[in-house]
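Below is one structure, written out as structure tokens; the observations come after it.
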Ligand code: SF4
């Protein structure tokens, strides 16, 4: 069984009109099957492809960027490989983007990533009621069943007309309830706490993103830089009230993407904290810099969700507190 958010049906890549194309700014890994296909190409394009390939320290093939762009992105911001060889001969990562595919025991979840401008527009303009499908199959993994049930109850209780901080409280209550049931199935000892992050934690997390995480874009670096001073708390509560509707949509996206991941670590508090930080930190950055919350949230997704090293560092930070 494959589940996807309801809004996935209306997704359409903006292609040449995209304001932040996914074909620039990061290393484009070429999977082995595609690299093998390219190695047999004796056309001019094939020669260009072969001379653009390099190998990274983990032995992955990738395209060397030109001016920080994929060398096959043409002047109209369209992919030459897609045009001349067909989408099926683009690399797997290009065919999958912007989808995240999570395989769980008994079902799969496919979610469009918020880093994509087209997805961001859809996520922040669609209501959350009914957008995220309930898992209706029962898994052989009892922990997963606990998590899917608690997540469904959480979605049923979340209301986008309610202040975002109240929905975040519901998230921690759901994580706590799931943890009690999981502990009965598989006791694992000390776990992360179940309290939403306070203002000072958000400031310190913005510092961590700036000082410790890998940073991909200048725009993100500049937004974070502005937050590296003592930030005024005054007005933040009001900001949260005014922006609750979009924050709740961002919250629903992160709940859907991460609540079930505790199946691997059995630490529901850590994922609740990560979800809350992923909404409240973009809110803090937006509050301080004046950049729209939706754009801060989209950039956060691009910088964090697509970088396994950043995700790992953040998980380690959360579980070390
Ligand atoms: S970021 Fe999204 S809209 Fe832009 S080119 Fe990539 S898939 Fe298309």
Order of 253, 37 under a 10 Å beta carbon neighbour criterion, fewest first: 37, 253
Projected label distance in nm at residue 238 and residue 141, using a 7 Å step from Cα toward the beta-carbon: 4.6 nm
The chain: angle of helix 244-258 to the longest principal axis, Cα-based, in degrees nearest 10: 70 degrees
For the stretch 184-245: rounded, prolate or oblate by the Cα gyration tensor [a/c cutoff 1.5]: oblate
The chain - mean residue ellipticity at 222 nm from DSSP helices (-39,500 (n - 2.57) per run, n ≥ 4, rounded to 500): -15500 deg cm²/dmol
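For each of 97, 89, count neighbouring Cβ atoms within 10 Å of the residue's Cβ, then give the residues from fewest to most.
89, 97
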Stretchable slack from residue 309 to residue 230, in nm (0.36 nm times residue separation minus alpha-carbon distance): 25.7 nm
GNM flexibility winner over the chain from 17, 206, 252 (Cα, springs under 10 Å): 17
Euclidean distance of C-alpha centroids, the stretch 225-262 and the stretch 135-171, integer Å: 19 Å
Centroid-to-centroid separation of the stretch 46-120 and the stretch 198-217 [C-alpha atoms, Å]: 28 Å
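Assuming R0 = 56 Å, can you tell me the calculated FRET efficiency for the pair residue 321 and residue 39, based on Cβ-Cβ distance, to the nearest 0.05?
After rounding, the FRET efficiency stands at 0.70.
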Alpha-carbon Debye profile of the chain, log10 I(q)/I(0) at 0.06, 0.13 Å⁻¹: -0.22, -1.02
GNM top mover of 261, 302, 50 - the chain, alpha-carbon springs below 10 Å: 50
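Computed from the coordinates by the stated procedures, all read-outs in this text should not be read as laboratory data. In this text the structure is predicted, and so the values were computed from the model without any measurement. Neighbour counts are summed over all protein chains in view; Cβ atoms, including those assigned to glycine, are modelled from backbone coordinates with ideal geometry.
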